[in-house]
Each structure stands twice: as C-alpha cells, then as structure tokens.
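Note sheet for the following structure.
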Amino acid sequence: MKRSPLARLWPNATAVVLFIGFAFPVYWMFTTAFKPTSDIVSEDPVWFPTAATFEHFQKAVDADNFWTLVGNSLTVTVSAVVLSLVIALLASFALARLRFKGRRGFLVTFMIAQMAPWEVLVIAIYMLVRDGDMLNSLLPLTLFYMVMVLPFTILTLRSYVAAIPKELEESAMVDGCTRTQAFIRVIFPLLAPGLMATSLFGFITAWNEFPLVLILNKDPEAQTLPLWLSSFQTAFGDDWGATMAAASLFAIPILLLFLFLQRKAVGGLTSGAVKG
C-alpha cells in the first residue's frame, strides 16, 4: 500500500527536529570555543563568531598539568578497555559455546550488575582503596573502570559469538586445528564488529567518568581530564570560553574514534542486540 506524502512527512520532520535538538548543543560548544569574550558575554546571542580566536584553546592547554592529565586519561581508558575485552572475549565464548551448571544464573548476574548503579559502591570502593594504600594511583581507576564496562562487554560479545555458526569452528577442527586455533583463526576475525562496538562503549564510559577519580585521586598529577574540565569554574565566575574550548578538546578523541569505528560499531551493536 502506497503511503501518502503526509504520512511520510511526519517521521522525516520528527527526525529533523531530533537531529537539531541533539546537534545544537555540540554546535554551540564548538562555536563558543572560537568566539571572542565580547561575543560570549553579549546580551544578545551571537550565532556565529564575529572574529574567530584561539585564545580560549591556548588557555585550556596552558592549564596546570594538562599533558600529564592527557597521559593519565589515555593510560587508564585504554588499559581498562583492553583488559575488559580480553576477559570478556574468553567469558563470552564460554557462555555462548559451553553448557555448564549455573550458566543462566551467571548471565542473570551480569544483567543485574549492568542495571545496578555503581554509585552505591562509592564508599566501599574508597575504603577498599584507602586500606590498600592505593589512593592517588591510576591502578584502582583502571581496575574499577574495567569492572564498570565488563558486564555490557560480556553480554554483547556473548550474543555475537552465539550468532556465529558452530559449523565454522567444527570445520576448522576437522581440518586439524585445535579449539584454540579455531577460535583464533576463524571465530576471532568474525568478532571484529562486536569488538569495535564494545570497545567504543568502554572507551566512552571510562573517558567520561568523573566522580570516582574525584574521590580517589586528590593529587593533581594523578587525576584525569574530566577534573581538568571543572578547573575553569571558580568562585569568581565561569570562564565559558575556556570551558567550551576544553570541552571541545575533550570530545575530539571520542568523535574521532566513533568516526573511525562507526560502521562496524553500529553493526556490532545491532547484531549483539538481536541474535543469540
């Protein structure tokens, strides 16, 4: 049945409105970062910079310990993502291929862990790290970030492994491969979209995390970039130009990673959501 033009108009109009609603804050952030201070504090909104300036970016980069914080954020985020992928890859393969007692309870446990807010554990985490004499260290952050993204990573990869026919693995084993070799040579290459999707989620989660590092790491040299963003808000007022410039710099790694992984990440998320 052919749809009328009016019936097609509403979904398209709704999509345009939603796109504008989501895209406008990003546009405003980037344009404000390039505006001179006079445009930012103007009573009337200035939609386009009258004269682009890089002074706010310079101020953001010149902040204390900026490059140290960049290194800390990359170290913690990449380490947490890699560790979670390694553990989740093994766990998801076992959950998808093996049948053992307690398997369903295991899956339910991961689902509950994914739904539960980790903020309820902040006090316990702080006491554990304090008693272990690991305050102002990147190691606890890496481990807890890994734990935060692990349930989602396991559940997504498990669905993706389940969607791969067992016959491919069995054929490789008939040809002389061991189970480990079949996994590495046959299953692992087919998991690339799922790995991309879960790594993107893990990177965003760990990169943006703020409360835990605020509580555990008081040493400025042991902190990460989310705390750097808050340094432009003082008791004397907010430096919106520097704040927007810092937010723009903070968002660039995520945008680049998303653009690089976009196709495979979307395919991995949809496959993991509907298969298995």
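The values are calculated or read from the model by the stated rules, or taken from the named source; none is laboratory data. Since the structure is predicted, the reported quantities are computational estimates derived from the model, not experimental observations. Here the Cβ is made from the backbone with ideal geometry for all residues, glycine too, and neighbour counts use every protein chain on show. Ligands, DNA and RNA are stripped out before the accessible areas are found, and what is left, the full protein with its side chains, is counted by its heavy atoms. Shrake-Rupley method; radii C 1.70, N 1.55, O 1.52, S 1.80 Å.
Overview of values
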| quantity | calculated |
| --- | --- |
| Crossing angle, helix 192-208 versus the chain [Cα axis fit, 0-90 degrees, rounded to tens] | 40 |
| Rough spin-label spacing in nm, given labels placed 7 Å along Cα→Cβ, for MET111 and THR37 | 5.6 |
| Degrees, to the nearest 10: 122-131 long Cα axis against longest axis of the chain | 80 |
| Length added when fully stretched, ILE215-ARG99, from 0.36 nm per residue minus Cα-Cα | 37.6 nm |
| Length-normalised contact order of the chain in % [C-alpha pairs under 8 Å, at least 6 apart] | 30 |
| Residues of type aspartates and glutamates that LYS218 reaches as a straight line, Cα spacing below 19 Å, ignoring anything fewer than 8 places off in the same chain | ASP64, GLU119, ASP131, ASP133, GLU209 |
| Solvent-accessible area per residue, Å², over the chain with all protein chains present [probe radius 1.4 Å] | 59 |
| Pairwise label distance in nanometres, LEU259 with VAL61, each label 7 Å out on the Cα-Cβ vector | 1.8 |
| C-alpha long axis of helix 103-115 to longest principal axis of the chain, angle in ° | 10 |
| With every protein chain in place, the chain: carbon and sulfur % of accessible area (1.4 Å) | 69 |
| Simple label model, 7 Å out from Cα along Cβ direction - ASP175 to VAL26, nm | 4.2 |
| For the chain: Kirkwood Rh in Å [reciprocal of mean 1/r, alpha carbons] | 21.9 |
| More than 15 angstrom apart: percent of Cα pairs within the range 26-119 | 77 |
| DSSP loop trypsin sites (Lys or Arg not before Pro) with at most 15 other Cβ within 10 Å excluded, longest remaining stretch of the chain | 102-217 |
| Percent of alpha-carbon pairs separated by more than 22 Å within the range 101-230 | 53 |
| Candidate residues TYR160, TYR27, TYR145: accessible-area rank, largest first, probe 1.4 Å | TYR27, TYR160, TYR145 |
| Rounded FRET efficiency, nearest 0.05, which uses the C-beta distance separating ALA51 from VAL120 and R0 of 45 Å | 0.35 |
